[in-house]
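Engineer: The structure under discussion is supplied below as structure tokens; questions concerning it will follow.
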Amino acid sequence: MILHLVKGIIFVFLIGLGVVGNILVLVNYMSVFRSTMKSIHLILIHLAFTNMITLFSKVMPRTITSFGLRHLIGDTACKIIVYLGRVARGLSICTTSLLTVVQAITISPRASRWRRLQPRSAWHLLPLLLFLWILNSLISMNLTFYSKNISSMNTSQFTSGYNYCYLQPQTLIIRWIFVLLMVLRDAVFQGVMGWASGYLVFLLHKHHQQVLHLQTSKLLHRTPPEVKAAKSVLLLMLCFLFFYWTDCFMTLYVTFTLETHFLEVIVLELVDLGYAVLSPFVLIHRDGHLAECCRAQ
């Protein structure tokens with residue numbers, strides 16, 4: 001009982017931290033978006049909104065169950081929560097990839113052919129964001145049919161667990177179809193994100209080398225904004241990859257372990273929401289350095 005109480009307190013703290021960070025991103029960039037209408041700000045708003053869905057669809061129900069109020073979650077609520085959590089996870093991957101690509105295009109040289117792909121206004125990204133919602137909604141559609149509240153299960157194997165929902169067995173064909181779709185989506189968007197981050201770091205490093213010839217010896221002792229922006233790009237990339245792959249390995253470990261311990265489940269759930277909590281602070285730090293870099297050009 002004490003462990004469940006500690007788990008609930010930890011989740012409440014993380015909810016507060018994540019909500020504050022994402023609200024800061026929403027308020028900051030919604031005010032800026034009204035005057036500038038830049039595509040990057042729209043993507044940041046969308047990512048913060050996605051993080052909010054992740055927090056409330058995954059953390060809130062687990063916090064409720066941690067305090068022993070599992071009976072408040074029925075079958076319908078379970079289906080909605082699991083579905084929104086899976087959709088938000090996919091949108092997080094897609095939006096982070098889109099953000100990296102747009103920022104790489106934004107600071108690319110004007111003569112570059114990639115600069116032609118820069119959105120003329122933020123509204124041109126709305127069809128793409130709508131496509132991402134439709135894509136991830138369809139990929140996660142199977143959860144609405146096979147998710148069930150474990151309190152309605154008669155088997156003690158599920159009622160004694162730490163989760164609040166149970167995914168009923170699916171046919172082999174349906175299972176592999178949706179698994180392949182998720183793997184393909186993750187591989188494509190992570191590949192695009194890796195290429196864009198590498199290209200962005202290359203541009204920042206190239207620009208830094210050019211600026212060094214114009215700087216005086218006094219300014220050489222200061223860290224150029226290009227270096228800070230490059231570090232922020234790598235930080236966001238590593239932050240996403242760390243939580244993504246840690247979540248994958250921990251999920252496989254818990255799935256194939258015959259005896260699952262309470263601590264292992266807590267670690268898995270903390271990793272599952274880690275990116276939604278930390279990413280807004282990384283994004284604020286990253287966008288500030290990139291803006292400083294662009295003003296220095």
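The values are calculated or read from the model by the stated rules, or taken from the named source; none is laboratory data. Keep in mind that this is a model prediction, so the values were computed, not measured. Heads up, the Cβs are rebuilt from the backbone with ideal geometry, glycines too, and the neighbour counts pull from every protein chain shown. Heads up: the accessible areas ignore ligands, DNA and RNA and are worked out on the full protein's heavy atoms, side chains in. Shrake-Rupley method; radii C 1.70, N 1.55, O 1.52, S 1.80 Å.
Engineer: What value in Å³ per residue do you get for the convex hull of the alpha-carbon atoms in the range 102-152?
Structural biologist: Considering the Cα atoms of the range 102-152, their hull volume per residue is 117 Å³.
Engineer: Quick one: accessible area per residue over the range 83-125, 1.4 Å probe, rounded to a whole number of Å²?
Structural biologist: On a per-residue basis, the range 83-125 sits at 47 Å².
Engineer: At L117 and Q170, where each label point lies 7 Å from the Cα along Cα→Cβ, what is the point-to-point distance in nanometres?
Structural biologist: Placing both labels 7 Å along Cα→Cβ, they lie 3.1 nm apart.
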